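Since the structure comes first, as structure tokens, the remarks are kept for the end.
Since every read-out is calculated from the coordinates, none of them should be taken as a lab result. Remember, it's a predicted structure, so these values are computed and weren't measured experimentally. Note: ideal-geometry Cβ built from the backbone for every residue, glycine included; neighbour counts use all protein chains shown.
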Amino acid sequence: MVTLTDTPMTPTAANKTKTQHSVRPPANAPFPFLDLKAQFAAIREEVMDAIRRVMDSQQFILGPEVKQLEEEIAGKLGAKYAVGCASGTDALILALMAAGIGPGDEVITTPFSFVATAGAIAQVGAKPVFVDIDPVSFNLDAARVEAAITPRTRAILPVHLFGLPADMDPILAAAHARNLLVIEDAAQAIGARYKGQFVGTLGDMGCFSFFPSKNLGAAGDGGLITTNDSATAERLRMIRVHGSKTKYVHEIQGINSRLDALQAAILRVKLRYLDQWTSGRAGRVQRYRSLFDENRLTEFVSYPPVPPADSHHVYNQFTIRAPRRDELKEHLAQAGVPSEIYYPLCLHLQKAFSSYGYHPGQMPFAEKASQEVLSLPVYPELTDAQQEAVVQGIESFYRTKK
Ligand SMILES: *Cc1c(COP(=O)(O)O)cnc(C)c1O
């Protein structure tokens, strides 16, 4: 993930931020991989009002702000229910717990994702069963899912990686044929649509993260689960408060995983800008595509193909494939151009999951991706000059460093 350094916002630092953003930085000035300060500057007063409102109420855990955020997100995505929780990781854990998945169970997922996807499965005591990715979309290859189903399989857990919907129809068909649940990891994809329907509402449950670097980011950790099933929603609401409906009466086993009112109030402000920010990201992507084409960069690197017409991508990341990727990243860094590798090591090869017995070579497409991918800065506040600096950095690397 992006490293979010904790720079305290002293009054002086805040003032500096303001003046900095009224001046356009020169093309060669270093800039951040994600500019959350610029985003905050644009909505500062509304966010501060929301924080003040919660402080005045002195109600910090769940409460009306969380309830309203849940309703607003459910309404926006067209889900019947939304349940806030402490993080995207917890959203996955709560969903698996609500489904009664545990020791002895298998859950089919992708080896090319953030660690939490498989970590949540392991955390409830189930076994992550990895299925290789489609090399074009970077998402779980739906055609390979069927062969991975065993009598122990309970669920399929696709990830809408980088903001692009996974190919849900064949995944849902495979699940329905075998009575399996589908839990969507939509942590990177809030607002993305598959055949007109919002991701997170296609399967039985959808899991979202409000980690600061996600498209809808809180001022700390936060997460949410969507579902259309009232019994599931009720279980989720109980599990997040130690398995109780009535205080000190515990019908099922739960954990402590709640969304803070402060986070909910801030998220409610940011939710109103989400569509605008998503369009901003798409605009930046379009510009990358034309700059790549103009400069014939496709001789060297490949950028993600335009998604299918019925698939709406929200570009949490713009991820290219680049030969000599690590050298390129270093060259860009020297030129003040930030980039990140999501993800350098596949989940099936992580030491933490070594007990599942996977070895290199089993997931060739995911393994190749982990060696070639490079995510470039993509956010609404990214300037034309900054994008040109990215493209120039890539071009100078391949044209001069043979
Ligand atoms: C961010 C992320 C998570 C975990 O979310 P947190 O809020 O950081 O716990 C899970 N899955 C994916 C794909 C993510 O990108």
> Check Ala187: other-chain or 5+ apart residues with amide H under 5 Å from its amide H, H built from backbone geometry?
Replying inline: His160, Ser209
>> Restricting to Cα atoms and excluding each atom paired with itself, what does the Kirkwood estimate give for region 51-271 in Å?
In response: 17.3
> Given 0.36 nm per residue, what is the gain on full extension from Glu45 to Asn179 after removing their alpha carbon distance, in nm?
Replying inline: 43.3 nm
> Around Tyr315, what is the net charge, scoring Lys/Arg as +1 and Asp/Glu as -1 over all other residues with Cβ under 9 Å from its Cβ?
Replying inline: +2
> Highest mean first, what order results for 116-122, 173-179, 136-142 on Cβ atoms within 10 Å?
Replying inline: 116-122, 136-142, 173-179
>> Can you compute 3J(HN,Hα) from phi for each residue in region 31-39, using the Karplus curve 6.51 cos²θ - 1.76 cosθ + 1.60 with θ = phi - 60°, rounded to whole Hz and x for Gly and Pro?
In response: 9, x, 5, 9, 9, 6, 5, 5, 4
> What order do you get for 220-230, 240-250 when each peptide is scored by the mean count of other beta carbon atoms within 10 Å, highest first?
Replying inline: 220-230, 240-250
> Counting DSSP beta bridges with both partners in the chain, what percentage is antiparallel, nearest 5?
Replying inline: 65
> In a Debye calculation with equal point scatterers on the alpha-carbon sites of region 313-365 and no solvent, what is log10 I(q)/I(0) at q = 0.13, 0.22, 0.30, 0.32 Å⁻¹?
Replying inline: -0.49, -0.93, -1.15, -1.23
> Per the helix-only calculation at 222 nm, which mean residue ellipticity applies to the chain, given -39500 (n - 2.57) for every DSSP H run of n ≥ 4 and division by its residues, nearest 500 deg cm²/dmol?
Replying inline: -12500 deg cm²/dmol
> Over the C-alpha atoms of the chain, what are the Rg and the largest Cα-to-Cα span, Dmax, in Å?
Replying inline: 21.3, 69
> Can you give me the Cα centroid spacing of region 39-67 and region 107-140 in angstrom?
Replying inline: 35
> What is the set of long-range amide H partners of Val314 at a cut-off below 5 Å, with H atoms built 1.01 Å from backbone N?
Replying inline: Leu164
> Mind ordering 337-346, 71-80, 187-196 by average Cβ neighbours within 10 Å, highest first?
Replying inline: 187-196, 337-346, 71-80
>> Based on Cα coordinates alone, diagonalise the gyration tensor for region 273-400, multiply each eigenvalue by 5, take square roots, and list the semi-axes in whole Å, largest first.
In response: 27, 20, 14
>> With θ taken as phi - 60° and the coefficients 6.51, -1.76 and 1.60, list the Karplus ³J(HN,Hα) couplings across region 41-47 in order, rounded to whole Hz; mark glycine and proline as x.
In response: 4, 6, 10, 3, 5, 5, 5
>> Could you give each residue of region 95-111 its phi-based ³J(HN,Hα) in whole Hz, using Karplus coefficients 6.51, -1.76, 1.60 with θ = phi - 60°, and x for Gly or Pro?
In response: 4, 5, 5, 4, 7, x, 8, x, x, x, 8, 10, 10, 7, 8, 9, x
